[in-house]
Amino acid sequence: MKRTRRFVSLVFLSGSLFSFPGTGLALDPAKIHVGGGASPFTLIFRLAEDKGYYKEEGLRLEAIAATMQAGIQGLVGGSFDFSQIMGQTSAAVMRGGAPLKIVMVFDTRPLWWLMGSKRVKTVRDLKGGKLVAISGFGSAHDQMTRAVLLRDGVDPEKDVTLQVIGTAMGRLAALLNGTVDAVAVQPVERLMALKNGFNELVFIGDFVEALNAGVAVSENSLRQRPDFVRGFLRGTLKAFHRYKSEEKESVSRIATSLKTSEKEASEIYKGVLRVLTADGAMPRDLQERVIAFQKKALKVEKEITPEIIYDFSLVHSLNKDLARSGW
């Protein structure tokens with residue numbers, strides 16, 4: 001854990017792609033772990049910062065890119081206040097009983113595509129020991145990839161070799177330079193792969209229910225800093241609703257932040273709308289289905305109830321408050 005804290009500290013001190021400037025010394029920093037790739041979901045946090053929603057809560061956003069494993073370990077150890085990463089959070093709870101809770105979700109279906117090399121035109125073409133990149137064993141990325149392979153009759157344990165590459169851009173680079181034969185990618189990486197002549201094998205969101213982005217927090221923070229957590233969620237929820245309702249603004253932000261054309265940004269935004277939750281939470285039956293999917297992927301046999309992983313009570317309460325105030 002000491003090693004992880006030192007790593008996170010170095011990442012913070014050196015800055016990252018998603019770090020944002022402070023808005024005043026009196027504001028409390030809210031340190032959130034985000035992935036290293038270009039994600040349209042990370043823009044929700046930036047929108048909340050830019051619009052002053054966090055400042056209204058006395059907070060200043062510090063979004064820090066780190067690997068999934070380091071980020072979740074840092075969340076448990078207190079180096080981070082929140083994490084955007086859902087799959088690795090729930091995996092840590094299921095496997096080792098990590099004292100974490102998912103308190104807000106942005107999406108319920110993955111905005112991911114499985115892309116293949118120029119010689120791989122179908123999922124079945126991966127048979128014979130082809131290399132498939134994943135972000136980490138047990139991560140949502142790993143679970144989705146395995147589900148895609150199994151769906152098309154490819155055994156992820158026998159027919160392919162899974163190779164861990166920690167960052168999204170690292171995985172894309174491995175595909176582009178021929179190091180791996182396939183990888184699940186998000187919208188920006190998909191567009192880059194298509195432009196370079198690589199093959200789109202399947203849109204994973206068509207048949208998988210899984211969480212990728214939202215807000216996770218430690219149980220310790222929920223107990224000891226409830227106002228801090230509530231304030232961060234209120235600011236994030238305001239930005240989430242605005243992100244969904246203001247298409248022109250959101251498309252412009254996607255184009256600028258992800259360095260794409262307006263046309264490409266519009267395509268990305270339409271894809272995002274396909275997978276977003278209605279209000280930052282999810283019904284119990286969906287929670288149970290997602291847990292069942294993840295348990296199977298992780299080979300976890302013990303009983304896992306939604307209460308062990310999820311707590312949407314704050315989001316439900318905040319949505320009612322925002323509705324009463326005209327949001």
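Read the figures in this text as sums done on the coordinates, not as results from a lab. All figures in this text were calculated on a predicted structure; none of them were measured in a lab. Cβ sites come from the backbone with ideal geometry, for glycine too, and all protein chains shown count toward neighbours.
Descriptive notes on the structure:
- Protection proxy ranking for 86-94, 55-63, using the average of other Cβ atoms within 10 Å per residue and placing the highest first: 86-94, 55-63.
- Interchain or long-range residues, amide H under 5 Å from Ile134's placed H: Gln163, Val164, Ile165
- Sites matching GluC sites (Glu not before Pro) across the stretch 135-201 that sit in DSSP coil, with at most 13 neighbouring C-beta atoms within 10 Å: Glu157
- Note: relative contact order over the stretch 113-206, using C-alpha pairs below 8 Å and six or more positions apart, is 48 percent.
- Across the chain, Cα pairs under 8 Å and at least six residues apart give a relative contact order of 24 percent.
- Computed FRET value (nearest 0.05) for Val300 with Glu262, which takes r as the C-beta separation and R₀ as 45 Å: 0.55
- When only the Cβ of Lys, Arg, Asp and Glu is charged (+1, +1, -1, -1), the dipole of the stretch 113-206 relative to its Cα centre reaches about 260 debye.
- Area projected by the alpha carbon convex hull of the chain, averaged over all directions, nm²: 16.1
- Rounded to whole numbers, the Karplus 3J(HN,Hα) couplings from phi for the stretch 99-116 are x, 10, 9, 8, 10, 7, 10, 8, 9, 10, 10, x, 8, 9, 10, 8, 10, x Hz, using 6.51 cos²θ - 1.76 cosθ + 1.60 with θ = phi - 60°, and x at Gly and Pro.
- Whole-number D in µm²/s for the stretch 245-327 (Stokes-Einstein; Kirkwood sum over Cα pairs; 20 °C, 1.002 mPa s): 136
- Working ranking of peptides 66-78, 125-137, 158-170 by packing, defined as the average number of other Cβ atoms within 10 Å per residue, highest first, is 66-78, 125-137, 158-170.
- Summed over qualifying helices (DSSP H, 4 residues or more, each -39500 (n - 2.57)) and divided by its residue number, the chain shows a 222 nm mean residue ellipticity of -14500 deg cm²/dmol.
- Distances between placed amide hydrogens fall under 5 Å for Asp107 paired with Asn212, Ala213, Thr277, all partners being 5 or more residues away or on another chain.
- Phi to ³J(HN,Hα) by Karplus 6.51 cos²θ - 1.76 cosθ + 1.60 over the stretch 314-320, Hz, x for Gly, Pro: 5, 5, 4, 5, 5, 4, 5
- Ranking Ile308, Ala239, Leu276 by Cα position along the charge dipole of the stretch 205-327, where only Lys, Arg, Asp and Glu carry charges on their C-beta atoms, puts Ala239 farthest toward the positive end.
- Phi-based couplings in Hz for the stretch 213-225 (Karplus 6.51, -1.76, 1.60; Gly and Pro marked x): 9, x, 9, 10, 8, 7, 4, 4, 5, 4, 7, 9, 9
- Each of Gly197, Gly129, Thr161 was placed along the dipole of the stretch 113-206 (beta-carbon charges, centred on the mean Cα), and the one lying farthest toward the positive end is Gly197.
- Annotation for the stretch 56-114: chymotrypsin sites (Phe, Trp or Tyr not before Pro) lying in DSSP loop with at most 13 further Cβ atoms inside 10 Å of their Cβ do not exist.
- 5 angstrom amide H check on Leu100, placed H, neighbours 5+ away: Glu219
- Cβ-based charge dipole, the chain, positive-most Cα from Ala48, Ser90, Thr67: Thr67
- Dipole magnitude for the stretch 221-262: about 280 debye, using +1 per Lys or Arg Cβ and -1 per Asp or Glu Cβ, origin at the Cα centre.
- Restriction of the chymotrypsin sites (Phe, Trp or Tyr not before Pro) in the stretch 164-260 to DSSP coil positions whose beta-carbon has at most 16 other beta-carbons within 10 angstrom yields Phe207.
- Relative to the Cα centre, the charge distribution of the chain, modelled as +1 at Lys and Arg Cβ and -1 at Asp and Glu Cβ, gives a dipole magnitude of about 460 debye.
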